[in-house]
Every structure is written in C-alpha cells, then in structure tokens.
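Asks: Encoded as structure tokens, here's the structure I'll be asking about.
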Amino acid sequence: MLLQFISLRHWRRRHPKYSANLEQGTIYKLARLFSLLLALIFIHSVAMVYFESLNWPDALWLSVTTVTTVGYGDISASSWQGRLFTTVCLYLLAISLLAQLAAEFFEYRLKKREDKLRGNWIWNDMNKHLLIINTPATNSDAYLERLIGQIRATPKFAQLPLQILTRNYPDGLPRELGAHDVAHYNGGAENTKSLSAVNASNAAYIVILARDGSDPLSDSLSFDILSRIQETGSSATILVECIVDENRQRLQRAGAAVVIRPIRAYPELLVRALATPGTEVVLENLFTHDESNLQRIDLSFSNITWKDIVTVFMNNDFGIPLAYIDAGGVHSNPPALQGCSGSSIISMTSAGCTIPTDTIRADFARLHSAANTAS
C-alpha cells in the first residue's frame, strides 16, 4: 500500500493536470470499494446468523466491530464454519478493503486540495462569476492585488465569485491574492478547453487583459480570445484592453462591451469602466485634447454655492465644473448648496474652448449683488 501511494504521488508530480479529469473516476472507485465492503459485511452477517444462531442485530454488530478492528469481544464466532467465514470475509478481505478505502479517500482529499492550489481543479459550480483572463507580463502580482482589491471594494462585484485564467501561477496564487477568495485555473484562453474549464459561457463579467501593455500584437490575441468566448454562447459583459485605437471598433464588433487602454498604474479605472460601461470614454478623453479636456481657471471667488458656479459655467458654455481649489486643496463635486470660496476652478470643456475669466467674475458679482438685494 505504501509503495502504491508513493508511486501515485510521483506520477501526479509528472502529470499535474490529471486530477480534474479523473475526479469522477476517483469517486466511482470509492463507491465501488465501499459497496464491496458492505457486501462482505452482509455475507459475514448471514453466516453468523446461520452458523452461530445469532440474531440480525448481534450478527451485524459482530461484523462491524471486527472489520473496524475494534473487537470488543462481547460476541465472537465459536463454530469452525463461523471462524472460517470471519477469517476469509473479514480478516483477509474486508479489513484490507477498509484500509484501501481509507487510503483512497485521504489521497482524494489531498489531490483535491493540491489541484485547487495549483489551478488544476475544474470548478463545475462556478456560475455568474467575474472571470479575469491573462495577467500582465510584468509586476503581475502587484497589479492583480490592486485590481482584485478594487473589485472587492465595489459593491456591484463584492459578492461575485472571482476566477483567474492564467499560466503564471502553476504553483498557486500568491497569499495576498488568495486572501481575496480567488480561484484560478492554470491554462490559456487561446485553448477552448480552458475556457470551458472556467465556465466562460456562464460568467457574468469577463475581463481580458492585454498580455503586454505595449505590444500591438496583444490586440490580435485578445481578439482571438474574444471570438472563442463568443463561440461558447456567453452573454457576459466583456471588457477588453486595447493597445491600438484603430482596433477598438473591431473588438466591439466582436462582442466587447467595454474597450479601454491598458493603464497598469491605475487598475481602479478598469473596475470603474466595468461597473459603469461608457465611463471609460469619458475618463480617457480627459487625458487627450481630441474631445473633452480639463481646464484650470484661476480666479478668486468667495461664498458662492456650487450650484451657482455650475450654472454660471453652463450658461456661458464653459463646460462642466468638476472641482474647486482653495488653501485646503482640491474639492471634487461638493454638495450643490455648499458655499465655496477659493482661488481656482477645474472644468471639463470641449476641445478648443476658451474661458474668459472676466465673464465669470462679472457673473459672480451679479450673484453677490442679487443675494445682497434679496437679504
């Protein structure tokens, strides 16, 4: 038995992916051994009733205490026929079966635990989960820790089962990632079997990370993965990182609901885009001068409600104020009726918009005048 166990462990080290495929076979083997054990106990009990004239409860009691090697000795076989059946059915067969059954069970538990750790376990009950495909080529541990931390901090995703499909962790996820209750599967999304193993067809959300945030070829790999996901019939909301802007529409036509540039320093932006599709366009436009951009307007103002500041800017088509600055720092989106005093205002404007500070000062002065008249 010991040699068999050592041999099996050695075979598993050389073939780490065998366990998920043989789970059903292991359960069948355990059920078969248990059935044989029950059959031997039953045969022995019949023999005890026939040769020892025991009643059924006593016969079963004798069989069970003997096969489990408890051996209370309160009942025992006295006839040669009864002793022969005890020797053959229990001592030679049943006790060996029980030992083998225990060994197989503990081996199955160890195998299951190790396969879950190494990403070789197929979670058949994974459903309506958030699936992350691929990991960044560099600093993947730190990036995933921040990304998953943000996912768990987002109420919409906080309770969703979370799974990662990657080949980067054949020996198990880092402890920091495991603390977020994350499952992972050791495989690549370019393999349809791997997508099936992570139940991509049943996922609620799928994030396809670019393997290399600076290599345009990553877009082609992402497109291939996206196509394979669509072939599974998935209805998930899919976010894809895209490096080359001209590939955006191609990825959208292939089924991506959200397409965003890789921003490795701020995984929070990816989570915001996944939670509220469309915000990625607004956020990305803030970093360019193609459409919307941010302007800082330096002018002093005192005790003007945020609602009035927004009204002045919108009435003059000066964009939408997002924050104001005072000696205490930057204050983003304060309450509408809060009185604001400061030295600058940050507004989101359209490209090419010029904001004359004199116009804003004049409107602020009229607001003060109207307020004084009303009081």
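The values are calculated or read from the model by the stated rules, or taken from the named source; none is laboratory data. For clarity, every value in this text was computed on a predicted model and none was experimentally measured. So basically every Cβ, Gly included, is an ideal-geometry build from the backbone, and we count neighbours across all protein chains shown.
Asks: Looking at region 314-330, can you tell me whether even one residue there is part of a strand (DSSP E or B) and touching a residue at least 40 places away in the same chain (Cβ under 8 Å)?
Replies: No, because not a single residue in region 314-330 is part of a strand (DSSP E or B) and touching a residue at least 40 places away in the same chain (Cβ under 8 Å).
Asks: Now for a different question. Counting only residues that are under 21 Å from ALA204 (Cβ atoms) and at pLDDT below 85, how many does region 163-180 have?
Replies: Result for region 163-180: 2.
Asks: Identify, please: which residue in region 212-235 is in contact with a Lys or Arg (Cβ under 9 Å, 6 or more places away or on another chain) and in contact (Cβ under 8 Å) with a residue 24 or more places away in the chain and is, among those, farthest from GLU190 (Cα to Cα)?
Replies: GLY213
Asks: Is it true that ASN139 is over 25 Å from GLY233 (Cβ atoms) and either surrounded by fewer than 17 Cβ atoms within 10 Å (Cβ to Cβ) or not assigned by TED's automatic domain parsing to the domain that holds LEU269 (or both)?
Replies: It is true that ASN139 is over 25 Å from GLY233 (Cβ atoms) and either surrounded by fewer than 17 Cβ atoms within 10 Å (Cβ to Cβ) or not assigned by TED's automatic domain parsing to the domain that holds LEU269 (or both).
Asks: Is it true that PRO277 is in the same structural domain as THR154 (by TED's automatic domain parsing) and in a loop (DSSP other than H, G, I, E, B)?
Replies: Here the answer is yes, as PRO277 does meet what is asked.
Asks: Could you list all residues from region 188-210 that are surrounded by fewer than 19 Cβ atoms within 10 Å (Cβ to Cβ) and part of a loop (DSSP other than H, G, I, E, B)?
Replies: Passing the criteria: GLY188, GLU190, ASN191, ALA204.
Asks: Continuing with the same structure: From GLU176, GLU145, GLU104, grab the single residue that is assigned to a helix (DSSP H, G or I), of a type in the set (D, E, K, R) and not assigned by TED's automatic domain parsing to the domain that holds GLU241.
Replies: Answer to the selection: GLU104.
Asks: Can you name the residue in region 330-348 that is surrounded by 12 or more Cβ atoms within 10 Å (Cβ to Cβ) and of a type in the set (Ser, Thr, Tyr) and, of all such residues, is farthest from ILE304 (Cα to Cα)?
Replies: SER347
Asks: Which count do you get for residues in region 107-122 that are part of a helix (DSSP H, G or I), hydrophobic (A, V, I, L, M, F, W, C) and surrounded by 15 or more Cβ atoms within 10 Å (Cβ to Cβ)?
Replies: Number of matching residues: 1.
Asks: Mind telling me which of the residues ILE238, ILE263, ILE243 ends up being without any contact (Cβ under 8 Å) to a residue 60 or more places away in the chain, over 21 Å from the mean Cα position of the chain (by Cα) and surrounded by 15 or more Cβ atoms within 10 Å (Cβ to Cβ)?
Replies: After ruling out the rest, the residue left standing is ILE243.
Asks: Could you check GLY82 against (1) loosely packed, with under 14 Cβ neighbours inside 10 Å; (2) farther than 30 Å from GLN159 by Cβ and say which number it fails?
Replies: It is condition (1) that GLY82 fails.
Asks: Within region 335-353, how many residues are out of contact with any Phe, Trp or Tyr (no Cβ under 9 Å at 6 or more places or on another chain) and part of a loop (DSSP other than H, G, I, E, B)?
Replies: So the count comes out to 2.
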